Amino acid sequence: MAEPSVHNIIVTGVGGQGNVLASQIIATAAVNSGYFVSVGETFGASQRGGSVMSHIRISREEAYGPLIPRGKATMIVGFEPLETLRTLIPYGNKETGVIMNLRSNYPLSVLVGEDTYPEIEKIKEAIAANSRFLVALEATELAVAAGVPVGTNMVMTGAFAGAGVLPIPPETYEGVIAGLFGGELLELNLAAFRAGLKAIAADQDLAGQRR
Amino acid sequence: MSFLSLLVNEPGRSVLMTGNEAVARGAIEAGIGYASSYPGSPTAEILGNLGRLAGDYHFYAEWSVNEKVALEGAAAASFAGLRSICIMKPNGVNVALDSLASISQSGIKAGLVLVVGDDPAGHSSTNEEDSRYLEKLAHMPILEPSTPREAKEMTLAAFELSEKIKLPVALRCVTRVCHASGNVTVGEIAGVNRKPAIGKNERFITVKFLHALQEAKLNQVRRMADAWPFNRYAGPENAKTLVITAGASFMYAREAVKELGLEGEVGILKLGISWPLPEKTLLGRLKTAEKAVFIEEVEPFIEENVMHLAAQHMMDLYPLQFYGQKSGHVAGPSGPGIGEMNPEIVAMALAAVCGVNYSPPPGCDESVKKLVPKVPQRDLAFCAGCPHRASFWAVKSALALDGRDGVVLGDIGCYTMGVGRTGFNLLQTVHAMGSGVGMACGLGKLADYGFNQPVVAMVGDSTFYHAAIPALVNARYNKSSFLLVVLDNETTAMTGHQPHPGMGKNAMGEEVVRMPVESVAEGLGIPVSVHDPYDVEGTTELVFHLLQSEGTKVLVLRRACALIAAKGTKKPRVYVDQELCIGDSCGCNRFCNQTFSCTANIWDVKNNKAVIDEVVCNRCQVCVSLCPRGAIKVEGGEQIG
């Protein structure tokens with residue numbers, strides 16, 4: 001299939017999960033591959049438990065604006081199930097691909113007992129019914145297993161890189177990561193990135209959906 | 001990306017930068033000698049980066065105590081012949097305005113660029129202010145970049161313009177430029193040979209007869225504005241519908257026109273300078289147009305000024321119609337002049353003006369609702385382990401013990417969230433930096449007139465230095481009675497952990513003298529106590545005790561921001577011993593989870609008992625001391641307290 005004129009990728013999650021770094025790695029890999037890239041980020045709420053979203057727009061043709069219009073996301077990378085669903089509702093369409101971390105992070109209203117957190121299976125069902133594909137993975141557990149409990153973002157970046165949405169090889173992402181960390185920290189982050197790559201490669205559903 | 005992209009010295013290379021990085025890079029390429037700022041979103045990262053690079057490129061950079069002082073320092077460096085940049089958010093312009101209006105009247109020498117990061121929709125602000133009205137009031141030219149790429153190029157051009165006309169120039173960015181990233185083409189970083197000096201006969205004096213000169217300078221810019229290289233027109237010649245826009249809104253307008261398929265009939269005039277207006281350019285396009293549509297953030301600044309211009313040329317422009325915020329056509333969900341623009345808002349406005357059909361995609365809300373009836377909102381909350389949560393709980397408990405309906409006045413910082421659930425809804429006022437302390441001064445004088453409630457002002461450490469000190473002097477001088485609680489988390493946490501005068505470190509990473517809050521208070525002769533808020537019981541007793549006496553008192557609650565404390569060190573594991581937790585039969589009403597509501601204290605629905613989310617927990621151990629059953633335990637590491 002020919003490459004679309006613009007890839008509209010949304011990285012979504014909760015403040016403190018490292019979404020901004022993940023979006024910057026994806027965006028830098030694209031710039032280093034010769035694309036025009038625009039990223040719109042809202043990190044005012046970062047670290048304070050609010051919803052955090054990065055819009056990444058990647059095009060061979062021209063620079064787009066920093067906000068993806070409603071219904072036009074081509075890909076959603078969700079670090080948290082509820083945030084993934086919240087983002088899909090306005091921005092997704094039946095052609096949107098979704099990669100989602102299964103680890104929940106409870107909103108204050110759920111903690112204090114005013115709301116209940118929706119069942120994960122229902123969230124998955126709702127997303128699957130309204131997208132092209134859903135790959136759900138235990139990214140936080142994979143990060144812990146790789147020795148970096150805070151490396152969920154790297155696992156998710158690896159999963160995105162391996163999903164083949166962009167014609168950019170994993171080595172390009174790894175090169176960007178190598179520019180960010182040194183020594184042991186680099187090894188740990190690369191291990192988390194590769195854990196994400198491996199998890200997505202093993203996903204049979206995605207293999208069938210790949211275009 | 002990030003800090004590293006700022007160091008790329010390959011002119012012509014395209015790298016990914018945020019708008020903030022692009023402004024910093026532009027300033028370095030322009031050969032600045034001085035940079036100053038007080039941290040404020042969305043611009044905080046500009047000086048953060050400049051501070052790290054100051055040594056490499058041999059310029060000076062500081063986090064100033066507030067925006068007024070920041071501007072005064074930058075102006076002085078300009079008087080001495082150094083290109084200077086001063087960075088702030090709109091609230092900072094409010095603070096600096098007195099000096100700004102004067103400096104623009106006295107004139108300057110080397111280029112002085114004021115970078116203002118407006119925050120449409122208030123993503124990280126208490127208010128939503130359009131700073132252009134103030135910049136116009138201060139007789140400054142206003143430049144508006146649309147992308148990070150333009151932000152870098154316009155920073156360079158702003159220095160040239162400022163030097164040519166001897167006025168400070170405003171570079172007005174919005175969040176969607178500051179916090180956006182895009183391809184930026186880097187230029188050369190020239191070596192600069194600076195010898196700052198003020199000539200014996202040079203004078204920079206604000207005096208009323210200079211007002212005429214100030215106006216003459218603006219007229220000079222008005223004549224130059226048509227040739228400003230960042231104005232752009234895209235669309236057919238003699239377009240009947242003309243969109244007039246600036247800043248990030250231009251990108252949305254372009255996308256909306258394309259989405260509607262109106263490229264053949266709608267023209268877009270993007271202004272790179274929004275004050276003074278490029279009048280000839282505007283009048284030329286308006287003469288052939290039948291409809292003018294204004295797309296801008298936040299308030300109708302360009303719209304008002306263009307309509308004013310059009311009124312002077314009414315006969316030439318008739319029967320031109322105007323569409324925008326004033327007509328109600330350009331409006332987000334909360335109405336005209338409120339919130340951010342986006343491609344859908346622009347498309348809806350243009351569709352209405354041009355008489356074509358458009359409605360934004362409905363999304364899959366209906367379909368999702370069948371499976372997930374409600375997607376709970378995510379309120380902002382203090383981070384797990386945040387010392388503020390403990391401080392607010394202690395103050396709340398002390399006020400309950402006191403029983404006289406104590407009033408709590410808030411301020412600007414992370415702890416502003418004390419208006420909400422995470423701070424137990426304790427704060428009853430929030431306005432501007434330091435304003436809670438000034439208001440406490442007022443309430444603290446009302447006892448003689450029948451006001452019998454105790455008064456507590458809560459302010460952060462960085463805000464204390466920024467604007468609370470004059471109010472504290474006032475309190476002591478005028479014998480006002482209140483308790484000032486300084487929430488000292490040893491950093492400027494809200495904007496990304498910048499240093500302040502209490503920390504012993506400056507913007508360039510140098511060790512400097514510490515000025516602890518208690519020393520300042522002692523110097524004013526005000527009684528001051530210092531306590532650790534993680535000791536909730538001790539803090540509660542102390543606050544209660546301090547509320548029982550007259551006079552101005554200061555309590556410093558000192559404990560490092562949990563996000564900084566969590567880094568690097570080996571911390572003990574905090575866990576719930578589910579043998580000891582008896583769940584809902586305890587009678588504590590799920591205290592750790594539902595009342596104290598730390599985001600790490602979650603509920604194990606299966607066992608109906610408390611549990612700690614160990615990925616979220618920052619190991620503060622405060623819940624250990626608060627659990628009535630003693631069911632929360634610590635394992636390994638060093639215990640606190």
Check: Of the residues A:Glu125, A:Glu114, A:Glu171, which single one is closer than 22 Å to A:Gln24 by Cα and without any contact (Cβ under 8 Å) to a residue 24 or more places away in the chain?
Finding: A:Glu171
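So that you can scan it fast, the table gives a plain yes or no per residue for (1) more than 30 Å from B:Pro360 (Cβ to Cβ); (2) within 14 Å of chain A (Cβ to nearest Cβ):
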position: B:Ala225; (1), (2): yes, no
position: B:Glu237; (1), (2): yes, no
position: B:Gly247; (1), (2): no, yes
position: B:Pro278; (1), (2): yes, no
position: B:Leu283; (1), (2): yes, no
position: B:Phe301; (1), (2): no, no
Notebook entry, point to check: Among the residues of region A:28-36, is any surrounded by fewer than 20 Cβ atoms within 10 Å (Cβ to Cβ), under 12 Å from the mean Cα position of the chain (by Cα) and part of a helix (DSSP H, G or I)?
Noted result: no
Next item on the list: Looking only at region B:359-376, decide whether some residue is under 22 Å from B:Arg254 (Cβ atoms), in the same structural domain as B:Pro278 (by TED's automatic domain parsing) and either over 32 Å from the mean Cα position of the chain (by Cα) or modelled with pLDDT of 95 or more (or both).
Entry: no
Next item on the list: Residue by residue through region B:433-463, note down the ones that are of a type in the set (D, E, K, R) and under 10 Å from B:Ser480 (Cβ atoms).
Entry: B:Lys445
Check: Going through region A:74-94 one residue at a time, which ones are in a helix (DSSP H, G or I), touching a residue at least 60 places away in the same chain (Cβ under 8 Å) and more than 8 Å from chain B (Cβ to nearest Cβ)?
Finding: A:Thr84, A:Thr87
Notebook entry, point to check: If you scan region A:123-142, which residues turn out to be surrounded by fewer than 16 Cβ atoms within 10 Å (Cβ to Cβ) and either at the interface with chain B (Cβ under 7 Å from one of its Cβ atoms) or in a helix (DSSP H, G or I) (or both)?
Noted result: A:Ala128, A:Ala129
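Here's the yes/no breakdown for (1) of a type in the set (Gly, Ala, Ser); (2) over 20 Å from the mean Cα position of the chain (by Cα); (3) within 13 Å of chain A (Cβ to nearest Cβ):
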{"position": "B:Leu4", "(1), (2), (3)": "no, yes, yes"}
{"position": "B:Asn9", "(1), (2), (3)": "no, yes, no"}
{"position": "B:Gly12", "(1), (2), (3)": "yes, yes, no"}
{"position": "B:Leu16", "(1), (2), (3)": "no, yes, yes"}
{"position": "B:Ala27", "(1), (2), (3)": "yes, yes, no"}
{"position": "B:Ile32", "(1), (2), (3)": "no, yes, no"}
{"position": "B:Tyr38", "(1), (2), (3)": "no, no, no"}
Next item on the list: Check every one of the helices (runs of 4 or more DSSP H) wholly within region B:240-330 and list those with 1 or more residues that are buried (at least 23 other Cβ atoms within 10 Å of the Cβ).
Entry: B:249-260, B:279-288, B:301-312
Notebook entry, point to check: Given the conditions (1) buried (at least 21 other Cβ atoms within 10 Å of the Cβ); (2) modelled with pLDDT under 95, which single one is not true for B:Cys627?
Noted result: (2)
Check: Out of all the residues in region B:127-141, which are under 23 Å from B:Met433 (Cα atoms) and surrounded by 19 or more Cβ atoms within 10 Å (Cβ to Cβ)?
Finding: B:Glu128, B:Glu129, B:Asp130, B:Ser131, B:Arg132, B:Leu134, B:Glu135, B:Ala138
Margin query: So for region A:157-173 (the condition being within 14 Å of chain B (Cβ to nearest Cβ), closer than 14 Å to A:Met100 by Cα and modelled with pLDDT of 90 or more), does at least one residue qualify?
Written below: yes
Item checked: Odd one out for B:Ser462, checked against (1) more than 23 Å from B:Asn94 (Cβ to Cβ); (2) in contact (Cβ under 8 Å) with a residue 60 or more places away in the chain -> (1)
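The values are calculated or read from the model by the stated rules, or taken from the named source; none is laboratory data. Everything quoted here is computed from the prediction, not taken from an experiment. All Cβ positions, glycine included, derive from the backbone under ideal geometry; neighbour counts span all protein chains shown.
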